[in-house]
Every structure is written in structure tokens, then in C-alpha cells.
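The values are calculated or read from the model by the stated rules, or taken from the named source; none is laboratory data. Every value quoted in this text rests on a predicted model; they were computed, and no experiment measured them. Virtual Cβ from ideal backbone geometry, glycine too; neighbours counted across all protein chains shown. For the accessible areas, the whole protein counts, side chains as well, though only heavy atoms, and no ligand, DNA or RNA atoms are used. Shrake-Rupley method; radii C 1.70, N 1.55, O 1.52, S 1.80 Å.
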Amino acid sequence: MTTTTDTGTAAGDAPDDGSAPRPGSPPPAAPSPEAFEEDLLPTAKGASRGLLGSLLRPHTRSAWAAAVLLLVQQAAVQAGPLLVAFAIDRAVPALRAGSHGPLVAVAAAYLLCATASGGLQYVFIRLSARISQDVLLDLRGRIFRHGQALSLDFHERYTSGRLISRATTDVEALRELLTEGLQELISIVLATVYITATLLYLDWGLGAAAVATAGPLYLLIRSFQRRSQRVYSVKSSAMAAVIVKFAETINGIRPVQAFRRERANDAAFARLNGRHERTNGDAILEMARYVVSSRLVANVAVAALVLWGAYRVASDSLALGVLAAAVLYLRRLYDPIDRLGMFLNSYQSAAASLEKIAGLLAQRPSVPEPAGPLPLPDRPGSRPGREVAFDGVRFAYRTGGEVLPRFDLTLAAGRTVAVVGSTGAGKSTLAKLLARFYDPTSGSVRVDGVDLRDLATADLRRSVVMVTQEAFLFSGTVAENITMGRPDATREEVERAARAIGAHDFIAALPDGYDTDVRKRGGRISAGQRQLVAFARALLADPAVLILDEATSSLDIPGERAVQRAMDTVLRGRTAVVIAHRLSTVETADRVLVMSAGRIVEDGTPAELIADRGRFAELHQAWRESVV
């Protein structure tokens, strides 16, 4: 037996939020979701345009085709008033003279333009809808894949509710822009160009007066854009906060009901919901101000131009048909100003959402894939285990102090090593480093001499497997949850693994046996049964190194015994690190490490440490008394 006292200074295990306070000092405040959201935004400035460009790039040809369709469609639409002017000034006088040809030609041209406009609009809607849906499909996939690729420290700080908000409400805001807003904008721009050119062609004075009114409208639009940009940025964050609170409450419904937190949660949710309501109200008020102001400017401009045009018609300096066409064009020119406000609403909402999505996608994993991965050496003979070494490892969580000051440890291949100690001793940190959920601040963790940072992620996950306290099962069948460890496994191999663990009998007794859907989080079966399924998954994966992090702490005595028997099967011949508070899982270990404040303070076999009457002996005696 060896007692080790020189491996570091005081430190603590990481709590659930990823922080690592020093013992005796107050824990650092975990960053709020809102604070971390703001941390993302600076990295996203300018990145949203790049993201949108990358999403649209594969659809460049289709987008140009859609633009050409809209160009021709708007030409057909804007021909209407010009035909009206021709009818009043040319076709009607010709009809009085007994010639029906010009009027028939005008009617036929009007019908042709209307038919062409409708047909082109239909084709454009289908094509643009296809583009927008493909873009949204790509974006949701990127968010989902990127969320899975990001390291554990990111997910410990960035709530799942915000990820859901990015993939749902923010993507939905972009959908509104792509499916409705862009068409509206392009239509307004084309209509403005067509109408201005036509008015200048019909009468230079009317055209110039119409262009002059664009100045006040431009200033109005810019003012609205600046104000709404601020409103929609706050609105997006407010909506995300509502989703976060809702998801957190539903996921924690058991403690909520057990500790009667419903009223307090209602109050907290009401505050967040009220904030979201206020931001929505601010957006509506901004839109209302814009609509009223734009209509006032437009109506004053039309009234002034009609009055001026009427005096010119009376003085024979302007044809009546031209005035009629000009009035129609002016209404078409100013009416879309309201729709432009709707587009700006969609644009600001989508821009704020796209910036947040770009900020999320800009995050890089803190545990990156190696540029030049190295293979693990072949295992000699049939020995499944591998040697594990912690070489000068130091580690500190981003939000806390140093957890492992300097840590040196070698675990022999094929041996089971139990790690015990009080809460905050560094046990779970040890497991997370070995599973490479984190990388050491300095030093290295090696398997058979190969640094984990040099292993391809696929090779690492095949060689090192962790079974945690909460055996997480996904919705799906029992067989599907077991084959997560090896997706290509046959049903015979799945059943063989379950029999070896001792899980076959209870699985066979389920309504559909191995094809029984365990439902959300495996809620259809008990905690002990979920743990047995997790062990069957680990056995089927056949890892060289197995980490058990408090794998029996939440089980009753019968469940613990069943899992204990399963552990004997799973651990046989493998290199195993067993982290436990319950010493029943330690007695069969080849070696026991007692940790305190990030140091190994005792090291030996269970019998040696009990005989030494040190810290482990005290823990063992307390455990035996609790069992009795």
C-alpha cells in the first residue's frame, strides 16, 4: 500500500454547471443564459451574411431563374395602367370614329398580361418555395450536427432551451423572410423601377415629382429600420428565455411538484412571458407608427400630384389618359410602402435570428479532432484492456479554480481501479479527462502510450466508454438502445450481451420483448433495468477502457446487486475506472485510489487500505455501519 501526498493542492470536483470552486471559497456565479448569449454575439458580427451566402450558394442558378421570372411577371403587371392610358387617349377616340381595332387590341393585351402574370407568379412561388425549404432544411441540419459536435463544456453553459430556440423560432423567422419577405422586396424594387421609368416616359414633370417624394419616404424607412432593429434583437432573446424556462420546468417536473415550486415557477415564467409580450408590443407599435406615417406621406403626395395634373389637363398640357395612368401608377408606387414595412419587420426579425444562429455555428469545439490522428497499437493476444497514464496533468474548468494541480497516475491494463473520496475531490473530473470530454490544461492522458488528443474521435469512442449514474435511454426499442454501442450488431449478438449481463429475462417479459419502445428517457422501465441496458450496451461495444461514474448510486439494494453481477461480467479483462460512493462496488477492485482536493492520498488494494486504518478504512467502516 502506498500513500501519496505530493500530487497537488486543494481542488474540487466540477459541479453540474461546469464550475470548479476551491474548497472554502464561495462558488463562482455561473453565467446566466442571457449573459452567455451576449458573449456569442460579438463573434457573429458580419458572420450572418457569410452564413446566408453559404446557404444560398448551392441554389444560385435557381435563384437567378426565380429573379428572371419575377422580372417578367412584374413587367406584365405594370403594363396595365399604360394600356389604360392608351385606351383613353387612342382607343376611345378611334371607337368614336368607328374603328374597333385599337380597343380590341388593348383588351387582348390586358388579358394576355393578366394571364402571363398569374402563370409566372405560380411558377415563381413554386421555385422560390423549393429554394427556401432546401435552405431551411440545410440550416436545421447544420444546427443539429453542430450542437452534437460541440464539446461538453459548451453544453454545460449554453442551455438546451436556447439550442431549441435557435433551431425553431429563429429558423422560423428566417423562413418568413425567405418565403414571403424576399419576394415582397424584389417585387417592390422592380415595381419602383418600372413605375418610375414609365412615369418619366409618359410625362417628365409627373415622373420627376414622383421621384422627389422618394426622399421623405426613404428617411422614414431608415428611421423605422434603426428602431425596429433594436426591438427585434431584444424580442429574439426574450423568446429564447421563455423557451428555456418552459423546457427547464417540464424537464424538472418531478422536483417542481415534489417541492411545490409551481407558484414560484409561475411567477418567474410570468416575468419572462411579460417581457416577451412587451417586446412584441414594441414591435407592433413601431410598425403602426411606420404605416401611419408612410400612408400620410403617400396620400399627401398623390393628392398634390392629382391636383397639379388636373390643372394641366384643363390647360391641355397633359392628356387625360396620361393623368389616369399616372394616378394608377402612383397608387401602385405608394401602396407597397406598407408592404415594405412588413418586409422590414421580417428582415429585422430574421437578421437578429440569423446573427444568433451564426454566433452558435461560430463556436468551435474545445476538444477538437486531431489534424493527424494516430492509431492505437494492436492489443497483444486476446487481452482487451489497455494501459492508461496521466502524465503531469493539470486541469481547471473555465469558470473556476484548478481542480487537478498536478496529477500523475498509471493504470495497468486489464485491472479494475476504484476511485473514492468525498464530494469535490476530483473523481468525476478524472473520468471526464479519461473520456476526453475535456482536455488537460497541461500534461497528457495516454492510452497505451498514445495521447488522447492524437486519437481520432471514432477510435477513442470505440476504445473508451463511460457508463454514468443516469443511464440515459433514448425513445426507441430496447434493442436499438443496446446497439448504440455497436450499430452493426445482429439481434443474436444483442441477446447474447443482454444474457451475459443478466438483463435478458426482464427484457423478454416486456410486451414486445427487445422491440418494446422504452419511451422518453427509458421511462417505461425501472432505474435498475435502465442501468442493466446501459451495461449491455457497454458490453456489446467491447471497449478496452470502461469508466463507471457512480453507476449504482441511484439504485436500491436488489437493483444494485443485479447491476453488481452485471459489472463483474462487463469489467472482466478490461481496464476499468470505477468511481463510487457506495463501497459495495469497490470491494472487488484490484486497486483503490482515495482522492482528496485533487490529490491521491491513499493507493492500494482494498484489504491493504482497510488494514492501514486510514481514510479508506474510515469510509469502509461507515459504509458497513450504514448497511447494518
> For the chain: lysine pairs with Cα atoms under 19 Å, gap of 8 or more or different chains, count?
Replying inline: 5
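Of the DSSP beta bridges with both residues in the chain, give the percent that are antiparallel, rounding to the nearest 5.
Values: 20 of 38 bridges.
Counting only bridges with both partners in the chain, antiparallel ones make up about 55 percent.
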> Roughly how tilted is helix 615-627, in degrees to the nearest 10 and between 0 and 90, from the longest Cα axis of the chain?
Replying inline: 80 degrees
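Evaluate the relative contact order of the chain (contact order divided by residue number), counting alpha-carbon pairs under 8 angstrom at least 6 apart; express in whole percent. Could the numbers behind the result be given before it?
Working: 966 pairs, mean separation 126.6, N = 628.
Computed value for the chain: 20 percent relative contact order.
Where a ≥ b ≥ c are the square roots of the eigenvalues of the C-alpha gyration tensor, would you call the stretch 405-479 rounded, which needs a/c under 1.5, or, failing that, prolate if a/b is larger than b/c, or oblate? List each step's numbers first, then the result.
Numbers: a/c = 1.81, a/b = 1.29, b/c = 1.40.
In terms of gyration-tensor shape, oblate.
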>> I'd like the FRET efficiency for residue 197 and residue 144, computed as 1/(1 + (r/R0)^6) with the beta carbon distance as r and R0 of 51 Å, rounded to 0.05.
In response: 0.60
> Between residue 114 and residue 271, what is the spin-label point distance in nm, taking each point 7 Å from the Cα along the Cα→C-beta axis?
Replying inline: 6.0 nm
>> Can you give me the % of accessible surface on the chain that is carbon or sulfur? Probe 1.4 Å, all protein chains present, nothing else counted.
In response: 58 percent
> Calculated from DSSP H runs of 4 or more alone, at -39500 (n - 2.57) each and per residue, what is the 222 nm mean residue ellipticity of the chain, nearest 500?
Replying inline: -20000 deg cm²/dmol
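Sorted by average packing, counted as other Cβ atoms within 10 angstrom per residue and highest first, what order do 356-365, 119-128 take? Write down the numbers at each step before the final one.
Numbers: 356-365: 20.3, 119-128: 16.6.
Put in order of decreasing packing, that is 356-365, 119-128.
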> What spacing in nm lies between the two simple spin-label points modelled at residue 441 and residue 314, each 7 Å away from Cα in the Cβ direction?
Replying inline: 8.8 nm
> How far is helix 47-56 tilted off the main Cα axis of the chain, in degrees rounded to 10, range 0 to 90?
Replying inline: 80 degrees
> Which order do peptides 106-118, 409-421 fall in by mean Cβ count within 10 Å, highest first?
Replying inline: 409-421, 106-118
> Which angle between 0 and 90 degrees, to the nearest 10, do you get for helix 527-541 versus the longest principal axis of the chain when only C-alpha atoms count?
Replying inline: 90 degrees
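How much accessible area per residue does the stretch 235-394 have, counting only protein heavy atoms and a probe of 1.4 Å, in square angstrom? Walk me through the intermediate numbers first.
Details: 8540 Å² over 160 residues.
Heavy-atom SASA per residue in the stretch 235-394 reads 53 Å².
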> Quick one: if you stick a label point 7 Å off each Cα along the C-beta vector at residue 246 and residue 410, how many nm between them?
Replying inline: 5.7 nm
> Which of these values of P(r) over Cα pairs in 20 Å bins from 0, in percent was calculated from the structure shown: (i) 15, 36, 24, 15, 8, 1, 0; (ii) 17, 35, 26, 17, 5, 0; (iii) 21, 55, 23, 2?
Replying inline: (i)
